[in-house]
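S.K.: Dropping a structure here in structure tokens format, bear with me for questions.
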Amino acid sequence: MFTGCDMRRYRIGRAAANDIVLAEPSVSREHAELVKLGRGRYTLRDLGSSYGTSMRQGSDWSLITAAEVNDETPIRIGEFETTAGDLVRDAALAAARPEAPSAPAWSAPEPRLSPRARNRHPETIFIASGSLPPWSAMQREAPPAHPRLAAIAERWRALPENMRFALALLAGVGVFLAIASIALAVALLA
């Protein structure tokens, strides 16, 4: 033990009361403790966590209850991988800026239109500096290229929705069978 060294303790866990807060599902509320011994050395102690605390020794990870680590020793707090040095540096940065507000929880962005404008034009999609009518309105307004196609489109719209679905499904199966037949014929002739 060195005399005159800073024996700072850092509690690590998911709870906000810890010195180092790791918002990870595999991190317990009070997961581990890191004691700074000085000269880049620390004692890492597990506090009875659910997922354990590990350190890398060579290429293997070893679960620990207490071990001495240095700044660069890879450690796992639950499934969160880091080093003791990185944890202490992040804690020091957070302590140096106590007045800095924490990031707010994510929320959906506010709509760019006022509620009054949205109520006046609910069917309009606003893009950059202009607007486009909804797709369904564009379909109704666009005339078919040929008069005969107009008659077919009109009959198609007159069919019940379940009938249109069944016919579209049969057409898709027919296209699939045609392509499969062609592929089979090419394979047999090759």
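S.K.: Identify all residues within the range 69-85 that are farther than 16 Å from Arg11 by Cα, within 23 Å of the chain's Cα centre (by Cα) and part of a strand (DSSP E or B); write none if there are none.
M.R.: Listed by number, the list holds a single entry, Glu81.
S.K.: Still on this structure, I have one more. If you scan the range 25-68, which residues turn out to be of a type in the set (Phe, Trp, Tyr) and either surrounded by fewer than 15 Cβ atoms within 10 Å (Cβ to Cβ) or in a strand (DSSP E or B) (or both)?
M.R.: Tyr42, Trp61
S.K.: Follow-up. Looking at the structure I just gave you, is Thr43 of a type in the set (S, T, N, Q), in contact with a helix residue (DSSP H, G or I) (Cβ under 7 Å, 6 or more places away or on another chain) and touching a residue at least 12 places away in the same chain (Cβ under 8 Å)?
M.R.: Numbers: of a type in the set (S, T, N, Q): yes; in contact with a helix residue (DSSP H, G or I) (Cβ under 7 Å, 6 or more places away or on another chain): no; touching a residue at least 12 places away in the same chain (Cβ under 8 Å): yes.
No, not satisfied.
S.K.: Need a quick list: helices (runs of 4 or more DSSP H) entirely within the range 86-190 having at least 2 residues that are at pLDDT 65 or above and surrounded by fewer than 10 Cβ atoms within 10 Å (Cβ to Cβ).
M.R.: On the way: elements: 115-120, 135-141, 147-158, 161-189.
By residue number, 147-158, 161-189.
S.K.: Out of the residues in the range 52-71 that are touching a Phe, Trp or Tyr at 6+ places or on another chain (Cβ under 9 Å) and of a type outside the set (D, E, K, R), which is farthest from Thr83 (Cα to Cα)?
M.R.: Within the range 52-71, the match that is farthest from Thr83 (Cα to Cα) is Ser54.
The values are calculated or read from the model by the stated rules, or taken from the named source; none is laboratory data. Quick caveat, the model's predicted, so the values are computed rather than measured. Glycine also receives a Cβ, built like all others from the backbone with ideal geometry; neighbour counts cover every protein chain displayed.
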